[in-house]
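Structure first, then comments.
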Amino acid sequence: MIKKKLNKLVGLKKEEFDEYVKSGQIQVQQARLIPTLKTGDEMALTSIFLSTLRLVKEYRDEIFKEIKLSRNGKMYYYTEACFPDVDKSRIDGLIIIVIKGVIREAAFFEMKNKNNGLDAKQIQTYLNISKKLGVQNLITVSNEFVADSSHSPVKVKPPSKVSLFHFSWTYLLTNGELLLFNNDKNIQDEDQVEIMSEVLEYMSNPLSGVAGYTKMKPGWKELAENIRAQKTLKVSETYIEDAVLSWYEEEKDMALLMSRKLGVHVKSSSKTKDSLKKDIGKLVKSNYISGKLSVKNSVSDIKMIAEFERRTVSMSIKVIPPLDRGTVARINWMNKQLENSKKKNPELFSKIAGNIWIEADVKFAKANLKVKLTELGELTELTKGKEIQAFHVVLINGFGANFASNKKFIELIEKMVLDYYAGIVQQISNWNRPAPKLN
């Protein structure tokens with residue numbers, strides 16, 4: 001029996017790890033795909049998730065790649081990890097990677113479900129434990145959304161050499177669903193396909209505690225009402241930061257929603273360390289916030305703008321017309337594309353057509369020329385003697401009082417993006433310059 005005090009995890013021989021487990025200086029449970037815990041328990045979700053990583057190679061590769069964890073060596077998966085020599089806290093999950101008999105990498109997991117949010121004090125404690133044991137990664141999972149997995153819903157400072165990642169349960173669910181679509185990331189083993197399907201069925205059930213993003217933060221409503229009342233905004237106000245973070249989270253949620261509908265990864269706009277500060281400043285100055293969704297092989301990114309003063313949301317795509325033809329031919333070409341959209345889905349197209357605007361990006365002009373879809377023919381006169389470089393197809397919806405609603409705003413914008421994509425975006429394509437021909 002080992003009596004030596006435990007002072008590291010990474011760097012231990014696996015046989016030493018096992019001795020520490022026997023002595024009780026390391027306390028862990030094996031992760032099980034079918035845990036003997038009631039449905040909805042956080043530890044049940046932890047055990048099922050870690051077991052899915054163990055059993056489904058492609059799912060494991062996707063997640064490990066994102067948290068920069070090695071995919072070589074022998075992996076071991078545990079729940080309820082405790083190291084009494086270091087701290088009596090019990091951490092939900094642990095993965096160790098053993099190469100040539102030695103633990104080379106390790107990752108801790110802290111999981112929350114239902115309405116349970118992460119606690120900054122608890123996460124800071126786990127980060128300190130990670131540093132003491134040489135564990136390189138701490139991954140948090142909850143129903144809270146972030147713009148990127150390198151961001152965290154709580155304000156903590158990771159020690160040097162410890163990386164903090166966060167996933168929403170919806171993100172993990174979406175990654176699993178994408179592997180079941182007919183694409184280049186299919187799960188190869190049929191048994192693993194069945195395992196993934198069963199796990200997704202469990203996680204999709206509301207009783208599991210997994211939930212999507214259904215409510216903007218209170219700061220969203222407060223900001224919308226203050227702008228409506230023409231109150232002075234200050235960049236230091238915490239409710240404005242809450243509103244911007246809510247927008248980031250909803251943008252991510254829309255990307256995941258589109259991913260599940262299309263079967264391909266849809267990306268929301270990337271964020272840097274300075275993004276929050278810049279977007280707060282822009283919002284205070286101009287009363288709007290923007291973002292985008294990138295769908296692989298679509299005509300362009302979908303740009304989105306939420307205008308607080310007008311209480312509207314706009315979505316737009318950029319379309320390149322035939323640049324080897326004249327202006328009138330380019331307008332006619334754009335009109336044919338829109339007519340084709342109408343033929344493909346007449347009911348949906350008619351539903352949104354009244355809110356569609358066409359903007360012409362005219363060479364050397366200071367601003368785009370903008371006309372309603374029904375007045376597209378007027379562009380011929382407006383652009384006479386000018387050159388159109390691109391078109392922007394814009395859908396503008398007025399949300400009215402629902403713009404300030406923490407729940408209704410999400411319902412409206414998610415329905416809007418699905419209608420816009422199905423009615424317009426997926427039917428439109430750019431012109432491509434033909435290959436040069438030999439004389």
Subject >> Within the chain: Cβ-based charge dipole about Cα centre, in debye rounded to nearest 20 (Lys, Arg +1; Asp, Glu -1) >> reply: 1260 debye
Original post:
Restricting attention to the alpha-carbon atoms of the chain, what are Rg (one decimal) and Dmax (integer), both in Å?
Top reply: 25.9, 90
Subject >> Computed [θ] at 222 nm, deg cm²/dmol, the chain (DSSP H ≥ 4; -39,500 (n - 2.57); rounded to nearest 500) >> reply: -12000 deg cm²/dmol
Original post:
Can you pull the Rg over Rh of the range 218-427, Cα-only, Kirkwood?
Top reply: 0.99
**OP:** Give the angle, between 0 and 90 degrees and rounded to the nearest 10, that separates the Cα long axis of helix 169-178 from the longest principal axis of the Cα atoms of the chain.
**Re:** 70 degrees
Subject >> Extreme residue, positive dipole direction of the range 14-208, given options THR174, MET203, SER149 (C-beta unit charges) >> reply: SER149
Original post:
Relative to the longest principal axis of the chain, what angle (0 to 90°, nearest 10) does the C-alpha long axis of helix 408-423 take?
Top reply: 60 degrees
Original post:
Relative to the Cα centre, what is the charge dipole magnitude of the range 14-208, using +1 at the beta carbon of each Lys and Arg, -1 at the beta carbon of each Asp and Glu, and rounding to the nearest 20 debye?
Top reply: 860 debye
**OP:** Pop a pseudo-label 7 angstrom from the Cα along the beta-carbon direction at both ASN128 and SER350 and give the gap in nm to one decimal.
**Re:** 6.6 nm
**OP:** Could you work out the Kirkwood radius for the range 1-88, taking every pair of different alpha carbons, averaging 1/r and inverting it, reported in Å?
**Re:** 14.6 Å
Original post:
Expressed as a whole percent, how much of the Cα-Cα distance distribution for the range 359-439 exceeds 15 Å?
Top reply: 71 percent
**OP:** Classify the range 61-135 as rounded, prolate or oblate, taking a ≥ b ≥ c as the square roots of the eigenvalues of its Cα gyration tensor: rounded when a/c is under 1.5, otherwise prolate if a/b is larger than b/c and oblate if not.
**Re:** oblate
**OP:** Compute the acute angle (0 to 90°) between the alpha-carbon long axis of helix 190-204 and the principal axis of greatest extent of the alpha-carbon atoms of the chain; round to the nearest 10°.
**Re:** 80 degrees
Subject >> Spatial extent of the range 149-291: Rg and Dmax, with the Cα atoms as the point set, Å >> reply: 18.6, 60
Subject >> Distance between the range 122-148 and the range 307-329 - C-alpha centres, whole angstrom >> reply: 43 Å
Original post:
Net charge near ASN345, counting Lys/Arg +1 and Asp/Glu -1 over other residues with Cβ under 14 Å of its Cβ?
Top reply: +1
Subject >> Descending principal axes extents, the range 241-295, alpha-carbon based, whole Å >> reply: 38, 18, 16
Original post:
Given the Cα-Cα distance of LEU180 and ARG260 and 0.36 nm per residue of separation, how much length would full extension add, in nm?
Top reply: 27.8 nm
Original post:
So, in nm, how far is label TYR239 from label ASN116 when the simple model puts each one 7 Å beyond its Cα toward the Cβ?
Top reply: 3.1 nm
Original post:
By what distance, in whole Å, do the Cα atoms of the range 312-385 stretch along each of the three principal axes, largest value first?
Top reply: 37, 28, 20
Subject >> Most to least packed among 133-142, 355-364, 340-349 [average Cβ atoms within 10 Å] >> reply: 133-142, 355-364, 340-349
**OP:** Pull out a ≥ b ≥ c, the square roots of the eigenvalues of the alpha-carbon gyration tensor of the range 286-354, then state rounded if a/c is under 1.5, prolate if not and a/b is larger than b/c, and oblate in the remaining case.
**Re:** prolate
Subject >> Extended-chain gain in nm, criterion 0.36 nm per residue less alpha-carbon gap, SER429 and GLU225 >> reply: 69.5 nm
**OP:** Divide, for the range 14-208, the radius of gyration over alpha carbons by 2.2 N^0.38 Å, where N is the residue count.
**Re:** 0.99
**OP:** Would you please state which residues of the range 241-279 a label at SER150 would reach in this model, taking the label point 7 Å out along Cα→Cβ and a backbone N cut-off of under 13 Å?
**Re:** 270-275
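The numbers here are math on the coordinates, done by the rules we state, and not lab data. Because the structure is a prediction, the values reported are computed rather than measured. Using ideal geometry, Cβ is built from the backbone for each residue, glycine included, and neighbour counts are taken over all protein chains shown.
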